[in-house]
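J.: My questions will all concern the structure given below.
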There are 2 protein chains.
Amino acid sequence: MKKLMNGADTILSESLAGFTQAHADIVTLDGSGKFVRRRELRPGKVALVSGGGSGHEPLHAGFVGIGMLDAACPGQVFTSPTPDQMVEAAQAVDTGAGVLFIVKNYEGDVMNFDMAAEMMADMTGAQVQQLITNDDIAVEDSLFTTGRRGVAGTLVVEKIVGAAAEQGMDLAGLKALGERVNRACRSFGVALSSCTVPAAGKPTFDIGEGEMEFGVGIHGEPGRRRAPLATADAIAAEMCEGIVKDLGQVAGRNALLFVNGFGGTPLMELYLMHHSARRLFEGHGVQIARSLTGSYVTALDMAGCSITLALLDDDLLALWDAPVRTAALRWGV
Amino acid sequence: MKKLMNGADTILSESLAGFTQAHADIVTLDGSGKFVRRRELRPGKVALVSGGGSGHEPLHAGFVGIGMLDAACPGQVFTSPTPDQMVEAAQAVDTGAGVLFIVKNYEGDVMNFDMAAEMMADMTGAQVQQLITNDDIAVEDSLFTTGRRGVAGTLVVEKIVGAAAEQGMDLAGLKALGERVNRACRSFGVALSSCTVPAAGKPTFDIGEGEMEFGVGIHGEPGRRRAPLATADAIAAEMCEGIVKDLGQVAGRNALLFVNGFGGTPLMELYLMHHSARRLFEGHGVQIARSLTGSYVTALDMAGCSITLALLDDDLLALWDAPVRTAALRWGV
């Protein structure tokens with residue numbers, strides 16, 4: 001294993017310390033290092049709290065700030081944060097308008113956020129709602145997950161719901177909006193290499209020189225099949241056709257095309273995939289109205305990428321365009 | 001070799017096509033694909049043109065836009081662009097106030113930009129000046145370079161000179177400003193893996209499981225020595241001490257700390273390096289007034305990072321903070 005680290009037991013705390021030092025104008029780390037929160041809260045705004053295992057950076061801490069999240073709870077690498085982290089974070093950012101938990105669909109995360117929501121309601125009487133993302137169409141019921149996994153589409157949900165929260169939408173409205181955005185998103189990933197969890201010290205899975213894992217999850221969990229490495233166009237075609245088929249009617253719809261790197265793949269290849277995916281979606285009559293290209297929802301050092309298509313009506317496009325100021329996404333402010 | 005591509009001969013053109021489609025609000029690709037330029041020029045502003053081999057994305061095309069470059073010329077992977085590319089780009093963006101070429105110190109780039117400057121002067125009588133960056137303190141006179149290499153500090157030069165150009169500074173002033181920023185920057189890189197040039201199809205260099213290339217260049221060229229992989233703190237200490245020693249007097253100075261990934265290293269490790277480097281520089285009395293953390297000046301899929309410290313006086317900090325709207329750096333607009 002080759003990593004820039006001092007030890008597997010301190011990689012998370014040192015990385016979080018560096019992150020919050022580097023972005024001290026936007027975020028702060030609570031005293032015990034349990035969560036990252038916005039430096040300045042906005043009284044009366046519904047608080048958005050997300051979290052999950054570390055190793056997916058910049059997700060979620062990189063999306064804390066104006067126009068997106070109020071707090072993020074990082075677990076150990078690829079391990080759910082604990083209910084007490086979530087409760088502490090929610091209490092720290094709730095200004096009285098309620099809390100929305102945004103949760104990627106993995107069993108550990110869902111269970112712990114569930115427990116945190118109950119604890120919050122019991123302890124404080126606070127209004128807490130949950131929003132589950134499950135945009136990955138590659139597989140049903142995979143390792144760690146019942147149903148579909150929540151992957152890169154979570155960024156789209158957090159951005160759009162975050163903008164609406166900033167504009168004053170109430171908790172029930174935000175939950176419904178998030179469910180609508182989640183339903184509008186479909187993702188599909190491919191890995192060319194494994195990732196290596198620091199504490200494990202060896203690759204999560206073995207993969208041959210000429211192979212890819214087609215439909216991989218963001219923890220390196222198995223996808224649809226192991227297959228010979230194909231051309232970018234052939235890979236994109238199978239991913240995009242799967243997405244279009246799953247979405248149903250797409251012709252004439254405006255969409256965000258999000259090509260997401262898994263951590264070990266350079267931008268040059270991601271833009272090439274954008275080019276390929278765009279042509280395929282446009283062939284189905286989709287209007288690529290917005291795009292995002294980069295490594296935002298990662299799996300440590302895994303090579304590969306995912307493609308997300310989000311069909312966005314005009315009101316959702318406007319929320320996507322709304323100002324955002326976080327460590328990883330920033331425009332308009 | 002595992003890359004998301006259709007073939008080594010089309011990776012550059014397809015990636016550039018995707019890049020300009022994804023950022024069509026900011027940039028455009030000229031008809032023959034020779035350079036990326038700003039969609040909207042500002043008459044009377046000095047034009048800033050950079051370029052170099054591809055494989056360092058987002059450098060340079062990702063820095064074309066308001067507040068940074070007017071045009072970028074991409075060569076083939078790790079290969080200088082040609083003088084005719086540079087001349088075409090310069091002619092396309094010169095609005096009469098002259099052109100400043102920003103050139104990383106590599107022999108091929110320097111020679112071709114030299115030739116382009118002469119051709120521009122002969123053909124059009126345009127005012128053309130050149131600014132060479134050479135911030136890498138790791139080695140002198142390495143493969144491809146006489147003197148020191150120009151690396152991640154080039155981003156800092158392009159940002160600050162770009163802001164001053166936007167504010168109306170003239171050509172001579174911009175050249176002098178760029179030289180001042182370059183003198184204020186020092187960088188040092190380390191690689192944990194090689195990169196693989198698509199046309200070569202195999203790693204540029206061999207490196208053992210327990211080794212690092214200390215002082216590596218952004219094409220995978222040799223550094224100071226091959227050494228056993230050390231802890232992040234030990235690596236950062238040697239890099240930062242080298243930088244401080246080379247800068248001389250640093251106590252009490254404001255600085256930008258830029259931790260740059262080489263393409264294959266995830267953010268989690270880069271923020272950990274930020275944490276380590278910050279502590280070391282602060283120990284020398286440096287005030288870390290600004291920071292940037294991410295993969296901006298890359299070497300394809302190489303794992304590793306560089307640390308850049310730029311000592312910035314208040315006027316340079318203000319130019320760093322000035323609005324920028326490019327594919328890869330964006331704030332304030």
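J.: Could you give, in nm with one decimal, how far A:Gly332 is from each other copy of that position, shortest first, with labels 7 Å out from Cα toward Cβ?
T.: 2.1
J.: Is the C-alpha gyration tensor of segment A:82-222 telling us rounded, prolate or oblate? Criteria: a/c under 1.5 is rounded; beyond that, a/b larger than b/c is prolate, otherwise oblate. All intermediate terms of the calculation are to be shown ahead of the outcome.
T.: Numbers: a/c = 2.70, a/b = 1.76, b/c = 1.54.
Since a/c reaches 1.5 and a/b is larger than b/c, the shape of segment A:82-222 is classed as prolate.
J.: Restrict the search to segment A:205-250; then list the GluC sites (Glu not before Pro) that DSSP places in a loop and that have at most 16 other Cβ atoms within 10 Å of their Cβ.
T.: Working: sites: A:Glu209, A:Glu211, A:Glu213, A:Glu238, A:Glu241; in loops: A:Glu209.
Sites meeting the loop and neighbour criteria: A:Glu209.
J.: In segment A:272-310, what residues drop by 50 Å² or more in accessible surface going from the chain by itself to the full protein assembly, probe 1.4 Å?
T.: A:Leu272, A:His275
J.: Also, I was wondering about something else. Could you size up the charge dipole of chain B around its Cα centre, putting +1 on the beta carbon of Lys and Arg and -1 on that of Asp and Glu, and report it in debye to the nearest 20? Write out the running numbers ahead of the final one.
T.: Numbers: 27 positive and 39 negative charges, 117 e Å.
Charge dipole of chain B: 560 debye, to the nearest 20.
J.: For segment A:270-286, in order, what is each residue's ³J(HN,Hα) by Karplus, 6.51 cos²θ - 1.76 cosθ + 1.60 with θ = phi - 60°, in whole Hz (x at glycine and Pro)?
T.: Each residue of segment A:270-286 in turn: 5, 5, 5, 5, 4, 4, 5, 5, 4, 4, 5, 5, 4, x, 9, x, 6 Hz.
J.: Using the 7 Å Cα-to-Cβ label point, sort the distances from B:Thr28 to its equivalents in the other copies shortest first and give them in nm to one decimal.
T.: So the distances to the same position in the other copies read 4.8 nm.
J.: Sort A:Asp136, B:Asp141, A:Asp246 from largest to smallest accessible area, using a 1.4 Å probe on the heavy atoms of the protein chains.
T.: Details: A:Asp136 5, B:Asp141 100, A:Asp246 55 Å².
Putting A:Asp136, B:Asp141, A:Asp246 in descending order of accessible area: B:Asp141, A:Asp246, A:Asp136.
J.: Shifting gears a bit: Could you give the distance between the Cα centres of segment B:24-103 and segment B:252-323, to the whole Å?
T.: 25 Å
J.: Something else: Which of A:Met169, A:Gly208, A:Ser295 sits farthest toward the positive end of the charge dipole of the protein assembly as shown, with +1 on the Cβ of Lys and Arg and -1 on the Cβ of Asp and Glu?
T.: Toward the positive end, the furthest listed residue is A:Met169.
J.: Let me ask you something else. For a 30 Å ceiling on Cα separation, which of these pairs sit above it: B:Lys175/B:Lys245; A:Lys159/A:Lys202; B:Lys2/B:Lys175; A:Lys202/B:Lys159; A:Lys2/A:Lys245?
T.: Working: B:Lys175/B:Lys245 26 Å; A:Lys159/A:Lys202 34 Å; B:Lys2/B:Lys175 41 Å; A:Lys202/B:Lys159 40 Å; A:Lys2/A:Lys245 40 Å.
Flagged as over cut-off: A:Lys159/A:Lys202; B:Lys2/B:Lys175; A:Lys202/B:Lys159; A:Lys2/A:Lys245.
J.: Excluding ligands and nucleic acids, what accessible area in Å² is computed for A:Glu282 using a 1.4 Å probe, to the nearest 10?
T.: Accessible area, nearest 10 Å²: 90 Å².
J.: Let me ask you something else. Determine the shielding of peptide A:193-201 by partner chains: average, over its residues, the number of Cβ atoms on other chains within 10 angstrom of each Cβ. All intermediate terms of the calculation are to be shown ahead of the outcome.
T.: Values: counts 3, 0, 1, 0, 0, 2, 0, 0, 0.
Per-residue shielding by partner chains comes out at 1.
J.: Let me ask something else about it. Could you check how much of the accessible area of segment A:11-183 is carbon and sulfur, as a whole percent, using a 1.4 Å probe?
T.: Working: 2900 of 5650 Å².
Roughly 51 percent, rounded to a whole number.
J.: Rounded, prolate or oblate: pick one for segment B:13-184, where a ≥ b ≥ c are the square roots of the eigenvalues of its C-alpha gyration tensor, a/c under 1.5 means rounded, and failing that, prolate if a/b is larger than b/c, else oblate.
T.: Working: a/c = 1.35, a/b = 1.12, b/c = 1.20.
Judged from the Cα gyration tensor, segment B:13-184 comes out rounded (a/c under 1.5).
J.: Same structure, new question: Once every DSSP H run of n ≥ 4 in the protein assembly as shown is given -39500 (n - 2.57) and the sum is divided by its residues, what mean residue ellipticity at 222 nm do you get, rounded to the nearest 500 deg cm²/dmol? It would help to have the intermediate numbers written out before the result.
T.: Values: 16 runs with 220 residues, N = 666.
Result for the protein assembly as shown, helices only: -10500 deg cm²/dmol.
J.: Moving on to the next point. From other protein chains only, count the Cβ atoms within 10 Å of every residue's Cβ in A:4-11, then give the mean.
T.: Counting Cβ atoms of other protein chains within 10 Å of each residue's Cβ and averaging gives 6.
J.: Something else about it: Considering only chain B, pick the residue with its Cβ nearest the axis of the rotation onto chain A, and state the distance in whole Å.
T.: Closest to the axis: B:Gly264, 2.
J.: Follow-up. Mind checking the dipole of the protein assembly as shown: about its Cα centre, +1 per Lys or Arg Cβ, -1 per Asp or Glu Cβ, Debye to the nearest 20? It would help to have the intermediate numbers written out before the result.
T.: Values: 54 positive and 78 negative charges, 98 e Å.
The dipole of the protein assembly as shown has a size of about 480 debye.
J.: How many Å² of accessible surface get buried when B and A come together, counting both sides, probe radius 1.4 Å, rounded to the nearest 100?
T.: On the way: alone 13150 and 13130 Å², together 21630 Å².
So the total buried area for this chain pair works out to about 4600 Å².
J.: Taking amide H positions as placed 1.01 Å from N in the peptide plane, with prolines and chain starts having none, which residues 5 or more places from B:Val151, or on another chain, fall under 5 Å of its amide H?
T.: B:Asp135, B:Asp136
J.: Right, something else. Which positions within segment B:241-269 get 20 Å² or more of their accessible surface covered by the other protein chains, compared to the chain by itself, with a 1.4 angstrom probe?
T.: The answer is B:Gly263, B:Gly264, B:Pro266, B:Leu267, B:Met268, B:Glu269 - residues whose exposure falls by at least 20 Å² when every protein chain is included.
J.: Something else about it: Using +1 at the C-beta of Lys and Arg and -1 at the C-beta of Asp and Glu, which of B:Leu29, B:Gly18, B:Gln76 has the Cα lying farthest in the positive direction of the dipole of chain B?
T.: Positive-most Cα among the choices belongs to B:Gly18.
J.: Further question on the same structure: Once you order the gyration tensor axes a ≥ b ≥ c over the Cα atoms, which shape class does chain B get: rounded for a/c under 1.5, otherwise prolate or oblate by comparing a/b with b/c? Numbers along the way, then the final one.
T.: Values: a/c = 1.71, a/b = 1.23, b/c = 1.39.
Verdict is oblate for chain B.
J.: So who's got an amide H within less than 5 Å of the one on B:Met5, skipping anything under 5 residues away but keeping other chains? H placed 1.01 Å off N, in plane.
T.: A:Ala232
J.: Put a label point 7 Å from Cα along the Cβ direction on A:Glu40, then list its distances to the equivalent points in the other copies in nm, shortest first.
T.: 2.8
J.: List the residues of segment B:21-57 that lose 30 Å² or more of accessible area once all protein chains are present, compared with their chain alone (1.4 Å probe, heavy atoms only, no ligands or nucleic acids).
T.: Checking the loss per residue gives B:Gln21, B:Ala22, B:Glu57.
J.: Let me ask something additional. Counting only heavy atoms of the protein chains, get the accessible area per residue of the protein assembly as shown (1.4 Å probe) and round it to a whole Å² value. Each step should come with its number before you reach the end.
T.: Values: 21630 Å² over 666 residues.
Accessible area per residue: 32 Å².
J.: Continuing with this model, one more query. So how strong a dipole does segment B:272-333 carry about its Cα centre when Lys and Arg Cβ are +1 and Asp and Glu Cβ are -1, to the nearest 20 debye? Please report the intermediate quantities before stating the final value.
T.: On the way: 5 positive and 6 negative charges, 46 e Å.
Approximately 220 debye in magnitude.
The values are calculated or read from the model by the stated rules, or taken from the named source; none is laboratory data. In this text, all values refer to a predicted model and were calculated from it rather than measured experimentally. Reconstructed Cβ throughout: ideal geometry from the backbone, glycine too, with neighbour counts over all protein chains shown. Surface accessibility is based on the protein's heavy atoms, side chains included, excluding ligands, DNA and RNA. Shrake-Rupley method; radii C 1.70, N 1.55, O 1.52, S 1.80 Å.
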